[in-house]
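This report concerns only the one structure given below.
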Amino acid sequence: MFFIMEEKIMTDTDIVSFVRALPKAELHLHIEGTLEPEMTFALAAKHGIQLPYANVAALRSAYNFSNLQSFLDIYYQGVQVLIDADDFFQLTYAYLQHAHADGVIHVEIFFDPQSHLERGIPLSVVFEGINRALAKGEAELGITYRVIPCFLRHLSEEAAMQTLEALLPYREYFCAVGLDSSENGHPPSKFSNVFARVRAEGFLTVAHAGEEGPPSYIWEALDDLKVSRIDHGVGCEADEKLCQRLAQERMPLTVCPVSNIKLAVFDRMESHNLKRLLQRGLCVTVSSDDPAYFGGYALDNLLAVQQALDLTRDDMMTLARNSIEASFLSETDKQGWQRKIDACVHG
Ligand code: HPA
Ligand SMILES: [Zn+2]
């Protein structure tokens, strides 16, 4: 098959190589969502945990979701096999190898402290495992990183405040705090006080908003939580004033196309609004969210939207540039990567 991209005929293989070679950052990635069924079974065997599935294939066939909640129920079940620091290390390093193979040069990974604390797993164990993998990934694969713990929004603000207290002794290991889990019925404003405290402690903020929830949740994430990025945010299109504001402020959206299809946010990739948002000048980026559950890592997501929405070579470069712009890298590092992306024009 052939595609005409910017007057240049590219084959499927050309496109894959071109997109893979573009330096890019992955900014919306739940590390617990990278738990592949094979690892779930291996860790369950290691810890003597009985899983409610006969085998890997049976578990994978349960990955058939109708909405966000149906996914979260299975995702929180999967987390139970993560017990010691080596488990978190293995999980994170396996993800980094995928990311490296896809040409990802910088990752900002989420984790859910409350889903580990409530099982009696201390944060020292989680941070030890994740950070050992991230340090190895930087040394051996050249991937730089940031870590972003998220509060579970289906729990109370008080629980989030206690989680923040538990996180503060590890402040050197993370740069921002996020908000995830079941969106509808749990608006960002529910967490205004704890996020004010997060900012007062010197951290940046991000929040999932406008995945399934209304545009008002995106407004609240901006105005109440003072976020630096909106995770997902695709629901903004229903509100013209909001779209104008997002474009004007170059407020990044970390869009996860494969996730959006698997969780029925859009019925098919061809109906995804990513291209329209990009054309309106929004700072759209592409990430994989929970790749083990949705069946697509960074490159799969980029290629899926390229094909379904006929994105050009320039569009793909814009997505890569946006991912660097939206990252929490230093300005110097950002400039270095933007120059490398510019060099790909001739690639
Ligand atoms: O896609 C998501 N949305 C909300 N919460 C989540 N926690 C893991 N993945 C997600
Ligand atoms: Zn997410």
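The values are calculated or read from the model by the stated rules, or taken from the named source; none is laboratory data. These numbers come from a predicted model, not from an experiment. When we count neighbours, we look across all protein chains shown, and the Cβ atoms used for this are built from the backbone with ideal geometry, even at glycine.
Look through Leu155, Leu164 and report the one residue that is more than 15 Å from Ile109 (Cα to Cα) and either outside any helix (DSSP H, G or I) or within 16 Å of ligand 2 (Cβ to nearest atom) (or both).
After ruling out the rest, the residue left standing is Leu155.
Condition first: surrounded by fewer than 17 Cβ atoms within 10 Å (Cβ to Cβ) and on the phi > 0 side of the Ramachandran plot. Now tell me which residues in the stretch 187-215 satisfy that.
Within the stretch 187-215, just Gly202 meets the criteria.
Which one is farthest from Asn273 (Cα to Cα), of the residues in the stretch 200-209 that are away from ligand 1 (no atom under 11 Å from the Cβ) and not aliphatic (A, V, I, L, M)? Before you say what the answer is, go through the steps one by one.
We begin by selecting, within the stretch 200-209, every residue away from ligand 1 (no atom under 11 Å from the Cβ); these are 200-206.
With not aliphatic (A, V, I, L, M) added as a condition, the list becomes 201-203, 205.
Working: Glu201: 36, Gly202: 34, Phe203: 31, Thr205: 25 Å.
Ranking the candidates gives Glu201 first.
State yes or no: is Phe294 more than 16 Å from ligand 1 (Cβ to nearest atom), of a type in the set (Phe, Trp, Tyr) and crowded, with 16+ Cβ neighbours inside 10 Å?
No, not satisfied.
In the stretch 257-283, what residues are in contact with a Phe, Trp or Tyr (Cβ under 8 Å, 6 or more places away or on another chain), part of a loop (DSSP other than H, G, I, E, B) and within 16 Å of ligand 1 (Cβ to nearest atom)?
Leu263, Ala264, His272, listed by residue number.
So which residues in the stretch 23-36 are of a type outside the set (Lys, Arg), surrounded by 23 or more Cβ atoms within 10 Å (Cβ to Cβ) and more than 16 Å from ligand 1 (Cβ to nearest atom)?
Passing the criteria: only Ala25.
Conditions (1) more than 25 Å from Phe71 (Cβ to Cβ); (2) modelled with pLDDT of 95 or more; (3) aliphatic (A, V, I, L, M); (4) under 21 Å from the mean Cα position of the chain (by Cα), marked per residue:
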residue: Leu299; (1), (2), (3), (4): no, yes, yes, yes
residue: Met316; (1), (2), (3), (4): yes, yes, yes, yes
residue: Asn322; (1), (2), (3), (4): yes, yes, no, yes
residue: His346; (1), (2), (3), (4): yes, no, no, no
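Confirm whether Lys136 is in contact (Cβ under 8 Å) with a residue 24 or more places away in the chain and more than 21 Å from the chain's Cα centre (by Cα).
no
Between residues in the stretch 112-133 that are under 27 Å from His100 (Cβ atoms) and residues that are at pLDDT 95 or above and among the polar types (S, T, N, Q), which pairs lie under 6 Å by C-beta distance while being six or more apart or on different chains?
Close Cβ pairs (under 6 Å, with a partner that is at pLDDT 95 or above and among the polar types (S, T, N, Q)) amount to Pro113/Thr163; Ile130/Thr92; Ala133/Thr92.
Residues are listed down the side, and each one gets a yes or a no for (1) touching a residue at least 40 places away in the same chain (Cβ under 8 Å); (2) of a type outside the set (D, E, K, R); (3) in contact with a Leu (Cβ under 9 Å, 6 or more places away or on another chain):
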position: Ala166; (1), (2), (3): yes, yes, yes
position: Cys175; (1), (2), (3): yes, yes, yes
position: Ser182; (1), (2), (3): yes, yes, yes
position: Pro187; (1), (2), (3): no, yes, no
position: Phe191; (1), (2), (3): yes, yes, yes
position: Ile218; (1), (2), (3): no, yes, yes
position: Asp223; (1), (2), (3): no, no, no
position: Val227; (1), (2), (3): no, yes, yes
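For the stretch 105-122, enumerate the residues that are farther than 25 Å from Ser327 by Cβ and either of a type in the set (Asp, Glu) or away from ligand 1 (no atom under 13 Å from the Cβ) (or both).
Selection gives His116, Leu117, Glu118, Arg119, Gly120, Ile121, Pro122.
Just wondering, is there one or more residues in the stretch 92-100 that are more than 24 Å from Leu117 (Cα to Cα), touching a residue at least 60 places away in the same chain (Cβ under 8 Å) and out of contact with any Cys (no Cβ under 8 Å at 6 or more places or on another chain)?
Yes, the stretch 92-100 has at least one match.
Which ones in the stretch 122-142 are buried (at least 21 other Cβ atoms within 10 Å of the Cβ) and either hydrophobic (A, V, I, L, M, F, W, C) or not in a helix (DSSP H, G or I) (or both)?
Val126, Phe127, Ile130, Ala133, Leu134
If I go through the stretch 284-339 residue by residue, how many of them are assigned to a loop (DSSP other than H, G, I, E, B) and among the aliphatic types (A, V, I, L, M)? Can you show your working first?
First, the residues of the stretch 284-339 that are assigned to a loop (DSSP other than H, G, I, E, B): 287-288, 290, 295-297, 310-312, 326-330.
Checking the rest, the ones that are also among the aliphatic types (A, V, I, L, M) come to 311, 326, 329.
Matching residues across the stretch 284-339 total 3.
As an exercise: evaluate Asn184 against (1) of a type outside the set (D, E, K, R); (2) within 16 Å of ligand 1 (Cβ to nearest atom); (3) closer than 25 Å to Val234 by Cα; (4) crowded, with 21+ Cβ neighbours inside 10 Å and give the number of the one condition it does not meet.
(4)
Identify the residue in the stretch 217-250 that is in a loop (DSSP other than H, G, I, E, B) and within 16 Å of ligand 1 (Cβ to nearest atom) and, among all such residues, is surrounded by the fewest Cβ atoms within 10 Å (Cβ to Cβ).
In this case the residue turns out to be Leu225.
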